[in-house]
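To start, the structure under review is shown below, and the notes come after it.
The values are calculated or read from the model by the stated rules, or taken from the named source; none is laboratory data. Fair warning: this is a prediction, and the values are worked out from it, not measured in the lab. Glycine also receives a Cβ, built like all others from the backbone with ideal geometry; neighbour counts cover every protein chain displayed. For accessibility, only protein heavy atoms count, side chains too; no ligands or nucleic acids. Shrake-Rupley method; radii C 1.70, N 1.55, O 1.52, S 1.80 Å.
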Amino acid sequence: MKKMTLLPRLLSLALAAILVLGGCSSAGGTKNTPAPTPEATPAPTAAPEDAAPNFYKYNTYLDTLDYLYDNLGYLNSYFGVVAFQEEFAVLDGGEYGDMQMSVGMATGDVLGRMDECLELAEEEPSYPDMDAAMKTLIPLAKSNEEALLAVASYARSGDWREDGLSKAAELHAALLPTVEPFMDALEAASEQLDILDKSFQDGELARMQENDEMIAYYTSILLSETEEFYELATAEENVVDGQVIVQNMDEFSAAAAKVQETGALLLEALEDKGQRGKTAKLDYMNEDDLKFQYYKSYTVHVNGIVSYVSEALSHAGNGEDILGSLEFVEMNYSDLVSDYNDYIVG
């Protein structure tokens, strides 16, 4: 079964705007002002009609992109302390040791996984645009990863206190040229994965319905509708001075209603023992069963999406900022994606 993809995290979107669109920081080591993220409009690429979806290949690509999106947090930490410019400079009020960089810690053989992606890109079934995007991304991602590992090791060692940051400038010079090419390639690969995901979606939904797997079916629809709601809410015309103020309430209300209705149907399916029996890990015997905790986690995150979408709708109706509500929508969405991949796909 195919794993679910994640919405890009708010942090990832903000960093993409700063680094990819914002260019260099201004003189004097001041921070960048994030620019709006443009909408991507790539041409769809259909999966080969005579080839069954290779979900191992898809899932490996997905896991790798998720890890690389996590790495944007490390870049954000670094450029929250160091100016995004050729000359190494610590930002006003910053300290090199303030960086929280755990990259390379307890991540497994990530570089090996990247090499596996290159091998899978040559295997059947062929997805030409996705495979090409991964072949472009992986060498750039490895260069960025290796540069980040060097920075993280140096920052953790505390040697920067002894050498007056002399090596920091050298590491900065190695890291900086890797950032924008990596970011551009990551964005392109993410767009292609989204296209591939959509090419699988109709077939997967039809299979779920045919097999009466309604928890998986309604979860897939709920996640898709949550994405639509989130993207509609954060449309450029709604984002003003760091706030999200909805301009088109009719469209926004309709999107919220779809999430609420599907969420109710999913919660109903989760109450059905027969339906839980068609999942990998939700078919609990009693409340002492570990699977009951998985079930509770699943229902909490479904309720969380519905609750915070409803809260956003209420705030929007009063002309209020909904950014706080959207952050909790995104958090529960991400958690439900993880629950689905762990407890439904298994």
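A crude spin-label estimate for the pair ALA150 and SER310, with each label 7 Å from Cα along the Cβ direction, gives 5.4 nm. Pairs of Cα atoms nearer than 8 Å and 6+ residues apart set the relative contact order; for the range 300-345 it is 47 percent.
Of the accessible area of the range 237-312, computed with a 1.4 Å probe over protein heavy atoms only, carbon and sulfur atoms account for 48 percent. For the range 57-177, the share of alpha carbon pairs falling in successive 5 Å distance bins from zero is 2, 11, 20, 20, 15, 11, 9, 6, 3, 1, 0 percent. Note on THR136/VAL239: beta-carbon distance plugged into 1/(1 + (r/R0)^6) with R0 of 22 Å gives a FRET efficiency of 0.15. Close amide-amide hydrogen proximity is noted between VAL244 and ILE322, LEU323, each under 5 Å apart and 5 or more residues distant or on a separate chain (H modeled in the peptide plane; Pro and chain starts excluded).
A simple rule links phi to the HN-Hα coupling: the Karplus curve 6.51 cos²θ - 1.76 cosθ + 1.60 with θ = phi - 60°, which for the range 258-268 gives 4, 4, 4, 5, 5, x, 5, 5, 5, 4, 5 Hz, with x for Gly and Pro. A straight chain from GLU251 to LYS167 at 0.36 nm per residue would run longer than the Cα-Cα distance by 24.9 nm.
Here is the size of the range 290-346 from its Cα atoms: Rg then Dmax, 13.3, 44 Å. Around LEU91, which amide H atoms from residues at least 5 apart in sequence, or from another chain, sit under 5 Å from its own amide H, with H modelled in the peptide plane? Residues meeting the amide H criterion: VAL82, ALA83.
For the range 72-87, the Karplus equation 6.51 cos²θ - 1.76 cosθ + 1.60, evaluated at θ = phi - 60°, returns couplings of 4, x, 5, 5, 4, 5, 5, 7, x, 10, 10, 5, 7, 7, 5, 6 Hz by residue, with Gly and Pro reported as x. How many angstrom lie between the C-alpha centres of the range 67-91 and the range 190-232? Cα centroid to Cα centroid, the span is 34 Å.
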